[in-house]
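The values are calculated or read from the model by the stated rules, or taken from the named source; none is laboratory data. A quick note: this is a predicted structure, and the numbers were derived from the prediction, not measured. Please note: Cβ atoms are built from the backbone with ideal geometry, for glycine as well, and neighbour counts cover all protein chains shown. We work out accessible area using only protein heavy atoms, side chains counted, and drop any ligands, DNA or RNA first. Shrake-Rupley method; radii C 1.70, N 1.55, O 1.52, S 1.80 Å.
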Amino acid sequence: MKILHTSDWHFGKKLEGQSRIEEQKKFIETLNVIVKNENIDLILLAGDIYDTYNPPAEAERLFFNSIKLLSNNGQVGIIIIPGNHDNPKRLSSVSALAEDYGVIIYEKAFQTIPIGKYGSLKIIHSDEGGILVEQNNKKAYIYNLPFPSEATLNEDFQNIKFHERISEILHNGIEKNIFNVPSIIMTHIYVSGSMGEGDEYLELGGARAIAIDDLPNVNYIALGHVHKPLAFKSKNAYYCGSPIEYRITENKFEKKVFVVNITKEESIVKNIPLDNFKPIKEYSVNGA
Ligand SMILES: [Mn+2]
């Protein structure tokens, strides 16, 4: 299956009071060209679609227009999970409408998506958090874990080790793939060791860290949360990063999306650099 991995759109975000909506619109147009040129079967959007719990109307309009455009009227499947910046209820409130476009929006962890046709995307089997999908005669099992917090998991973390619990959830989730098809995980989480220049801090957004070793061995892991593109090749785990520079520290690396051809044998990851429509520059001035 050929997927496009993107995350951390942060629609509605402002920098120093300046709206970024025009750059965000241009990014979606670019993304749409990539989806068409690469013959993408499925788009994985790994959280932080919006920047705030109550996104402005123009940000919501852009999100609706984006999924309509990218899905090409239901020809391309899109799976979306909420990140720590999203309001899961609000994000998923349009899921019934989005279904016709082949768009699946998770509200919470362990959600069972009904079996059926979503545009041209078929869900043939469904478990808590996991779906066996078929698109263009290609199949994959995808386990989706929205940003895990005590609230979103409805669990008390007090007497457990966070990273062990997350590891258990991911291992249990992907073990449900008994279908001899590629295994894919999508989640929005902080993997320790992924902090670098321009990255978010360990506890940002209330996130706790998991280790690379906590991740199961699967064919691809689509991560969201860290804004810098990063690869953990031993686990086929990747952060694609945010598409636009959202902090001054993010002007030191290239923005990308990943196109991944996933089979049971191997996953071939292609980096596609994104145009920077409005580079952030810092000017030093001498005080008089
Ligand atoms: Mn995040």
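Structural remarks
- In this structure the amide hydrogen of ARG208, modeled in the peptide plane, comes within under 5 Å of the amide hydrogens of TYR190, none closer than 5 places in sequence on its chain.
- Whichever aspartates and glutamates have a C-alpha closer than 14 Å to that of LYS176, once near sequence neighbours (fewer than 8 apart) are set aside: ASP127, GLU128, GLU168
- Taking 0.36 nm per residue of separation and subtracting the current Cα-Cα distance, fully stretching the chain between GLN18 and LEU97 would add 25.3 nm.
- Max mean-square fluctuation residue, GNM over the chain, Cα-Cα springs under 10 Å, options GLN24, GLN158, GLN135: GLN158
- Over 20 Å between alpha carbons, listed pairs LYS89/LYS235; LYS2/LYS139; LYS2/LYS270; LYS68/LYS108: LYS89/LYS235; LYS68/LYS108
- For the chain, the antiparallel share of DSSP beta bridges with both residues in that region comes to about 50%.
- Accessible surface calculations at 1.4 Å, restricted to protein heavy atoms, place the chain at 45 Å² per residue.
- Subset of LYS13/LYS161; LYS122/LYS264; LYS233/LYS255; LYS117/LYS264; LYS233/LYS256 violating a 26 Å alpha-carbon distance limit: LYS13/LYS161
- Among PRO88, ILE21, SER126 the positive-end extreme of the charge dipole of the chain (Cβ point charges): ILE21
- Normalised by 2.2 N^0.38 Å, with N the number of residues, the alpha-carbon radius of gyration of the chain equals 0.95.
- Contact order for the chain, expressed relative to its length and based on alpha carbon pairs under 8 Å spaced 6+ residues apart, stands at 18 percent.
- Carbon/sulfur fraction of accessible area - the chain, other protein chains in place, 1.4 Å, %: 47
- Projected label points at ASP213 and LYS233, each 7 Å from Cα along the beta carbon direction, are separated by 2.2 nanometres.
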